[in-house]
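The values are calculated or read from the model by the stated rules, or taken from the named source; none is laboratory data. In this text the structure is predicted, and so the values were computed from the model without any measurement. So basically every Cβ, Gly included, is an ideal-geometry build from the backbone, and we count neighbours across all protein chains shown. Just the protein is used for accessible areas: all its heavy atoms, side chains included, with ligands, DNA and RNA removed. Shrake-Rupley method; radii C 1.70, N 1.55, O 1.52, S 1.80 Å.
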Amino acid sequence: MRIEYNRDTCIGIYQCVDEWEKFEKDMDAGKAELVGAEEEDGVFVLEVPEGEEFDAEMAARVCPVDAITLYDDDGEQMVP
């Protein structure tokens, strides 16, 4: 499972932070940060660690601006 986070789209509501520990608040920027992610073409990408799939999915589902996209192991978009 892979998660992609578009930081430019983020509006700093931080609901993702409440759902998954891989997201942290960056108060200086007013946006969330996806810890351990690598930037690819302006999008932060992270392989979801085993056992954290539910938390990653919830983080993606609660984002009010769809800045977080979740893909299954086959590359199919799951959320949003």
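So, of the residues in the range 1-13 that are hydrophobic (A, V, I, L, M, F, W, C) and crowded, with 18+ Cβ neighbours inside 10 Å, which turns out to be nearest to I68 (Cα to Cα)?
Residues of the range 1-13 hydrophobic (A, V, I, L, M, F, W, C): 1, 3, 10-11, 13.
Cutting the leftovers down to crowded, with 18+ Cβ neighbours inside 10 Å gives us 3, 10.
Working: I3: 7, C10: 9 Å.
The residue in question is I3.
Collect the residues in the range 14-63 that are touching a helix residue (DSSP H, G or I) at 6+ places or on another chain (Cβ under 7 Å), open to solvent by less than 30 Å² (accessible area, probe 1.4 Å) and either farther than 21 Å from D74 by Cβ or hydroxyl-bearing (S, T, Y) (or both), keeping them in residue-number order.
C16, W20, F23, A32, C63 - these are the residues of the range 14-63 that are touching a helix residue (DSSP H, G or I) at 6+ places or on another chain (Cβ under 7 Å), open to solvent by less than 30 Å² (accessible area, probe 1.4 Å) and either farther than 21 Å from D74 by Cβ or hydroxyl-bearing (S, T, Y) (or both).
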